[in-house]
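Single-structure report; data block below.
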Amino acid sequence: MHTNAGIDEAVKLASEKLAALDKEGVCLRTGAVWNGNDYLVPWLGRLCPLKEAKPAEKVLWLHYLTSQGGGALTGELIAYREVPGALFYEPKFYARAARPIIKRFGKGPEGLLKAGRALGGTAANYGDCAVTIPCFPRVPVTYIVWEGDGEMPPEASVLFDKSAIGWLHPEDLVFLASFGAYALIAQK
């Protein structure tokens, strides 16, 4: 579990790394905007000032901005377990990303699409309902729900474009998918 001191240190280190990078290059690579005073980070379908981010979000945003990138989207979706180094974090991933989606949308998957569209997402052709949301422009996340029936409980999957491997560390992908899941849940 992250401590405030750990988050503060991560923000400090990543902020120093970002300060050393060419602002134009960062913006071209990530889709962020430099407004002369701060980066505006494309996050869940809107531009958000980096300086106003909550600490845990700020760490993730900084890691995205300082990443050398994973290249263009491949169109090939992968499960979290296919991310090199992810097996250690897989229980956290399921608990923080898939389980909340099951709890909220497992008995009414059609609400997932409505929530996703409110975040700039698009329908995806998987499960009983699926949506791909632009957590970051270069790292979209696809949430899939299968509605339960009398024999099977509801289930959810969370997938990434294969290029996500080059953008974020496996632990950051846990946070990314979790923030996306809770943003979907917060939509009315």
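The values are calculated or read from the model by the stated rules, or taken from the named source; none is laboratory data. Computed from a predicted model, the values in this text were never measured in an experiment. Glycine gets a Cβ as well: all are built from the backbone with ideal geometry, and neighbour counts include every protein chain shown.
Go through the residues of segment 120-129 one by one and say whether even a single one is surrounded by 14 or more Cβ atoms within 10 Å (Cβ to Cβ), among the hydroxyl-bearing types (Ser, Thr, Tyr) and out of contact with any helix residue (DSSP H, G or I) (no Cβ under 6 Å at 6 or more places or on another chain). The answer is yes; a qualifying residue exists. ARG46 fulfils the conditions (1) outside the structural domain of TRP146 (by TED's automatic domain parsing); (2) out of contact with any Leu (no Cβ under 8 Å at 6 or more places or on another chain); (3) under 30 Å from TRP146 (Cα atoms); (4) buried (at least 19 other Cβ atoms within 10 Å of the Cβ) except for a single criterion, (4). Comparison of GLU9, GLU16 shows that the only residue that is modelled with pLDDT of 95 or more and exposed (fewer than 13 other Cβ atoms within 10 Å of the Cβ) is GLU16. All of PHE179, PHE160 fail the test of being crowded, with 24+ Cβ neighbours inside 10 Å, within 26 Å of ALA14 (Cβ to Cβ), under 11 Å from the mean Cα position of the chain (by Cα) and of a type in the set (Phe, Trp, Tyr), apart from PHE160. Just to be sure, is TYR126 closer than 17 Å to GLU82 by Cβ, part of a loop (DSSP other than H, G, I, E, B) and either of a type in the set (Ser, Thr, Tyr) or outside the structural domain of LEU60 (by TED's automatic domain parsing) (or both)? For TYR126, the condition - closer than 17 Å to GLU82 by Cβ, part of a loop (DSSP other than H, G, I, E, B) and either of a type in the set (Ser, Thr, Tyr) or outside the structural domain of LEU60 (by TED's automatic domain parsing) (or both) - is met. Confirm whether VAL26 is modelled with pLDDT of 95 or more and over 18 Å from VAL141 (Cβ atoms). Yes, satisfied. Any chance segment 105-119 includes a residue that's surrounded by fewer than 19 Cβ atoms within 10 Å (Cβ to Cβ), outside any helix (DSSP H, G or I), touching a helix residue (DSSP H, G or I) at 6+ places or on another chain (Cβ under 9 Å) and outside the structural domain of LEU47 (by TED's automatic domain parsing)? No; the residues of segment 105-119 include none that is surrounded by fewer than 19 Cβ atoms within 10 Å (Cβ to Cβ), outside any helix (DSSP H, G or I), touching a helix residue (DSSP H, G or I) at 6+ places or on another chain (Cβ under 9 Å) and outside the structural domain of LEU47 (by TED's automatic domain parsing). Among the residues of segment 54-74, those identified as of a type in the set (Gly, Ala, Ser) and either in a helix (DSSP H, G or I) or at pLDDT below 95 (or both) are ALA56, GLY69, GLY70, GLY71, ALA72.
Every test in (1) farther than 23 Å from ALA118 by Cα; (2) surrounded by 12 or more Cβ atoms within 10 Å (Cβ to Cβ); (3) under 18 Å from the mean Cα position of the chain (by Cα) is passed by GLU57 save one, and that test is (1). LYS12 is checked against (1) within 24 Å of LYS162 (Cβ to Cβ); (2) without any contact (Cβ under 8 Å) to a residue 40 or more places away in the chain and fails just one. What number does that condition carry? All conditions are met except number (1). The set of residues in segment 27-40 being in contact (Cβ under 8 Å) with a residue 40 or more places away in the chain and not in a loop (DSSP other than H, G, I, E, B) consists of ARG29, THR30.
Evaluate segment 68-84: report whether one residue or more is surrounded by 18 or more Cβ atoms within 10 Å (Cβ to Cβ) and of a type in the set (Lys, Arg). No, every residue in segment 68-84 fails to be surrounded by 18 or more Cβ atoms within 10 Å (Cβ to Cβ) and of a type in the set (Lys, Arg).
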